[in-house]
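Let me begin by presenting the structure, written as structure tokens, before commenting on it.
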Amino acid sequence: MRALGPVPHRRAFALAWPAIVGNVTVPLVGLVDTAMLGHFSDATHIGAVALGSTVLSALMWLVGFLRTGTTSLVGRALGAGRHDAAVAHAQRSAILAVAIGAGALLVQWIAIPAVMAVLAPAGEVRDLAIQYAWIRVASVPAALLTLVISGWFVGAGDTRRPLAIVATVNIVNLGLDVAFVGGLGWGSAGAGAATAIAEWLGLALAVALWWRAADARTRDAVRRWRGRGLRRGWRRLASMNGDLFVRTAILYAVLTFVTAYGARLGPDILAANAILMQLMFLSSYGQDGYAHAAESMVAREIGRRDVPAFHRAVLASAVPAVAIGAVFSLLYLVASGPFIAVLTSIPSVTETADRYIGWVVWLPLASSLAYLFDGVFLGSGRTRSMATTMAASALLVFVPVLLAGFAWIADSRNDDLWRAFLLFNVARGVFLGIAYVRITRRGAWLHATHA
């Protein structure tokens with residue numbers, strides 16, 4: 001500690017708290033969706049939203065590199081004093097976002113029913129899930145461009161404007177949820193419409209905030225869409241985004257398997273798992289705040305080529321990240337009953353959620369290092385390490401533990417799912433921690449990929 005110098009706890013907190021507040025509002029929308037349906041509908045609509053959200057969330061997670069990749073590249077470019085390069089990175093990401101959004105609109109009519117056929121058996125749940133996803137996909141282009149703008153802000157060390165964007169989207173979404181689901185009784189379709197409208201309003205706000213914050217030099221650089229700097233760098237962007245895509249695809253495959261297998265175990269387990277997943281997401285987004293702080297600070301220090309400052313930034317984020325995980329675990333341990341009661345009043349779903357809540361209690365603490373190191377490796381451009389450690393966690397931990405549970409442990413199949421998922425998240429943090437130590441011992445942090 002003394003050799004590293006003063007640890008920037010205040011800077012980390014200044015970056016983390018807006019990210020924490022903004023992130024926590026994201027799963028709150030899902031919680032309100034679930035609560036509205038849990039009180040004004042039935043388990044079928046809860047399951048439909050869970051499955052429909054799985055498809056849309058899959059797309060948003062898989063293209064999450066539009067935010068994280070932009071943050072890393074922009075942050076390191078700004079740290080190195082290369083302002084025009086930072087703008088070019090953001091422009092390339094925006095072009096990619098428009099292309100992906102247009103592609104999603106074109107293939108939705110075939111892709112969504114095909115995916116739903118894999119995730120759930122034929123019936124009302126699948127039909128409602130398809131309807132929900134078709135409504136939600138209309139907002140994909142807006143959501144993707146908002147990711148790019150948020151990535152720019154975080155890379156520039158500004159987490160307050162992303163908070164304003166996310167808060168606005170979610171407040172609008174909450175209000176429309178109450179109106180469409182609770183008031184008009186539109187069920188899962190109303191939940192989808194509320195989110196779609198809110199996403200487009202969010203993009204309008206994001207563009208307005210970005211343009212107002214941009215200085216004259218930034219605006220001039222943005223106008224040079226045909227500049228030489230914009231034509232270059234696509235290979236670097238593709239390589240980095242490819243690593244992030246693989247990493248996220250593996251993570252989402254695990255999450256999707258948990259949801260899809262729960263659907264095979266019956267509507268009550270599907271609905272209960274949807275509620276438990278919402279609790280998991282609530283804690284994960286809260287913990288991700290210090291990962292965002294680490295990502296922003298690490299990117300700047302790598303750009304400045306200041307390794308001691310890089311390690312100080314990691315340390316400043318590590319302690320509070322673990323502490324937040326412990327707080328969420330304690331909160332779920334003592335108040336799981338009220339949380340579940342808020343989300344549903346369906347007796348069979350409540351009973352099922354109570355039966356499996358123990359796994360979710362320990363997830364926040366068990367996952368804290370995984371979230372922290374995600375931010376560190378993203379900011380430093382070490383995305384290849386993120387992809388390989390995620391693959392190792394899935395293939396060496398999740399799959400063997402799941403198969404062992406199915407074969408030898410006298411538990412329910414749903415217990416087997418949650419046990420494997422818990423240990424998978426522990427493995428993510430352990431493997432990334434090992435990679436961090438190895439890179440540090442080699443003195444190789446300034447040799448980051450995609451520099």
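The values are calculated or read from the model by the stated rules, or taken from the named source; none is laboratory data. The model shown is predicted, which means the values in this text are computed figures rather than measured ones. Quick reminder, even Gly has a Cβ in these numbers, built from the backbone with ideal geometry, and neighbours come from all protein chains shown. Protein only, heavy atoms only, side chains kept; ligands, DNA and RNA dropped before computing areas. Shrake-Rupley method; radii C 1.70, N 1.55, O 1.52, S 1.80 Å.
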Please calculate how many Å² of accessible area the stretch 127-184 carries per residue, with a 1.4 Å probe and no DNA, RNA or ligand atoms counted.
33
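Work out the length of the dipole vector of the chain about its Cα centre, built from +1 on the beta-carbon of each Lys and Arg and -1 on the beta-carbon of each Asp and Glu, and round it to the nearest 20 debye.
Magnitude of the dipole: close to 2680 debye.
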Using label points projected 7 Å from each Cα along Cα→Cβ, tell me how many nm separate Ala238 and Ala391, to one decimal.
1.9
Using a simple spin-label model with points 7 Å from Cα along the Cα→Cβ vector, what separation in nm is obtained for Arg217 and Arg441?
4.2
I'd like to know which of Thr383, Leu365, Phe398 lies farthest towards the positive end of the charge dipole of the stretch 304-413, counting +1 on Cβ of Lys and Arg and -1 on Cβ of Asp and Glu.
Thr383
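Report, to the nearest whole %, how much of the accessible area of the chain belongs to carbon and sulfur atoms, 1.4 Å probe, protein only.
Numbers: 12180 of 18150 Å².
Solvent-exposed carbon and sulfur of the chain make up 67 percent of the total.
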If one takes the longest principal axis of the Cα atoms in the chain, at what angle in degrees, from 0 to 90 and to the nearest 10, does the Cα axis of helix 160-177 lie?
20
Options (1) 68, 53, 35; (2) 58, 45, 35; (3) 107, 55, 45 - which one matches Cα extents along the principal axes in Å as calculated here:
(2)
Rounded to 10°, Cα long-axis angle of helix 43-62 versus longest principal axis of the chain
20
Selection from Val107, Val314, Tyr290 lying farthest towards where the dipole of the chain points positive, charges on Cβ:
Val314
Solution diffusion estimate, µm²/s, Stokes-Einstein, the stretch 315-420, Kirkwood Rh from C-alpha pairs, 10 °C, viscosity 1.306 mPa s:
99
Any chance you could give the angle, 0 to 90 degrees and rounded to 10, that helix 307-343 forms with the longest Cα principal axis of the chain?
20
Calculate for the chain the 222 nm mean residue ellipticity that helices alone would give, adding -39,500 (n - 2.57) per DSSP H run of length 4 or more and normalising by residue count, nearest 500 deg cm²/dmol.
-29500 deg cm²/dmol
Take the Cβ-Cβ distance between Val107 and Glu351 as r, set R0 to 41 Å, and report the resulting FRET efficiency rounded to the nearest 0.05.
0.55
For labels at Ala114 and Ala164 in the simple 7 Å Cα→Cβ model, what's the distance in nm?
4.2
Taking only protein heavy atoms and a 1.4 Å probe, what accessible area per residue, in Å², does the stretch 318-451 have with all protein chains in place?
42
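Give the whole-number value, in cubic angstrom per residue, of the convex hull volume spanned by the C-alpha atoms of the stretch 127-227. Intermediate values should be presented prior to the final figure.
On the way: hull volume 10.1 nm³, N = 101.
Hull volume over Cα atoms, normalised by residue count, gives 100 Å³.
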Which residues does the label zone of Ala80 cover in the stretch 303-333, counting backbone N under 17 Å from a point 7 Å along Cα→Cβ?
303-307, 310
Förster radius 22 Å - calculated FRET efficiency between Ala253 and Asp127 (Cβ-Cβ, nearest 0.05)
0.35
